[in-house]
Amino acid sequence: MKEPDLPMTDAEVTECLARARQGDEKAVLEIFHYMYPHVTKLVQANLPARESAEDLIQQVCVKVTTHLHQFSGKVPLLHWVSRIAVNTCLNQIRHEKRRPEVRLADLSEDEAAVVENLATSSAELSASDQVASRELVNKLLDTLKPKDRLLLRLMYLEGRNLEEIAQLTGWSKALIKVRAFRARAQLRTRYSLLMKEKS
Amino acid sequence: MNPLDDQLNRLFRAARHAPSPEIAPPFGLETRVLAAWREASARPGTFWDGALLIRGLILAGVITMACWLPALNSTTKESGPFADVVQLTDSTLPSSDESP
């Protein structure tokens, strides 16, 4: 069996899928290990209640493997998996109401240092600030509506383009543009409040 | 560009390059996934989860509509030789309100 840590090429994925369709359990496990980190990242990024992320990750993995025979192969496997993961997350967060506020006092030392750096310098943040930046972004995004949060994550953290986001979410491109504009404006407002508090 | 936008862009760029922690599946998930896959592949192409069912339902709907339409026409619109007689009688007989 292929080592789980090594990434699979497209040809290997296709070959694995063919073996899985013929009933090869090892191939199913290879596909599972291939998609697991991707599913985990997507679910953890899009689910506000982190404690239930594990259940949802398992739910997505089971859903994907039980529907593997329905995968047509017209798109890459990970796109198909992403779509299932995103839809599962959207269903989960549909009724979410609570959105926490971010205050300067809630930030860790490293996150506060990132805010300080951003305000005082126009240079790019250093590599040592990356983890704190990710945490700060997560806190800021958690203040937005679930769909806005999902969209900004896909755009700015995963670097997806309009086409890919439309495929993943099933939203029209016009809707994505409008939603992204509004979400970005809201995020700017939250960030400016943080800055005001700092100064 | 708005300074806040510039700061946010730099923040996003740094966050995007943050290293991801090691991700390993929890104990037991492999077994659960395999069991679910075995169960699903033991009933491949079951009637209820195939696209065949949807197509069948659509076809049944079309056939039902095709059967209903003539029946609806015959009940809502009077037709045939008697319809003309009824219409003629309606138009020629004065109602009791109109009589002097």
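The values are calculated or read from the model by the stated rules, or taken from the named source; none is laboratory data. Note that the coordinates shown come from a computational prediction; the quantities given were computed from them, not determined experimentally. Note: ideal-geometry Cβ built from the backbone for every residue, glycine included; neighbour counts use all protein chains shown. Protein only, heavy atoms only, side chains kept; ligands, DNA and RNA dropped before computing areas. Shrake-Rupley method; radii C 1.70, N 1.55, O 1.52, S 1.80 Å.
Observations on the model:
- Within the range A:92-114, one or more residues are within 15 Å of the chain's Cα centre (by Cα) and away from every other protein chain (no Cβ under 14 Å).
- Considering the conditions (1) closer than 19 Å to A:Arg182 by Cα; (2) open to solvent by 50 Å² or more (accessible area, probe 1.4 Å); (3) modelled with pLDDT under 85, A:Pro146 is excluded by exactly one of them, (2).
- Residue in the range A:150-158 that is over 16 Å from the mean Cα position of the chain (by Cα) and part of a loop (DSSP other than H, G, I, E, B) present: no
- Residue that is nearest to A:His79 (Cα to Cα), among those in the range A:16-66 that are among the acidic types (Asp, Glu) and either within 9 Å of another protein chain (Cβ to nearest Cβ) or open to solvent by less than 30 Å² (accessible area, probe 1.4 Å) (or both): A:Glu30
- Test: A:Glu101 is part of a loop (DSSP other than H, G, I, E, B) and surrounded by 12 or more Cβ atoms within 10 Å (Cβ to Cβ): no
- Residues that are assigned to a helix (DSSP H, G or I) and acidic (Asp, Glu), drawn from the range A:138-149: A:Asp148
- Taking the criterion of being assigned to a loop (DSSP other than H, G, I, E, B) and more than 7 Å from chain A (Cβ to nearest Cβ), the residues of the range B:1-17 that qualify are B:Met1, B:Asn2.
- Counted residues, the range A:170-193 - those being open to solvent by 30 Å² or more (accessible area, probe 1.4 Å), over 18 Å from A:Asn138 (Cβ atoms) and assigned to a helix (DSSP H, G or I): 9
- Hey, A:Asn161 within 13 Å of another protein chain (Cβ to nearest Cβ), polar (S, T, N, Q) and either over 15 Å from the mean Cα position of the chain (by Cα) or open to solvent by 20 Å² or more (accessible area, probe 1.4 Å) (or both) or not: no
- For the range A:130-137, the criterion of being open to solvent by less than 30 Å² (accessible area, probe 1.4 Å), away from chain B (no Cβ under 12 Å), in a helix (DSSP H, G or I) and hydroxyl-bearing (Ser, Thr, Tyr) is met by none of the residues.
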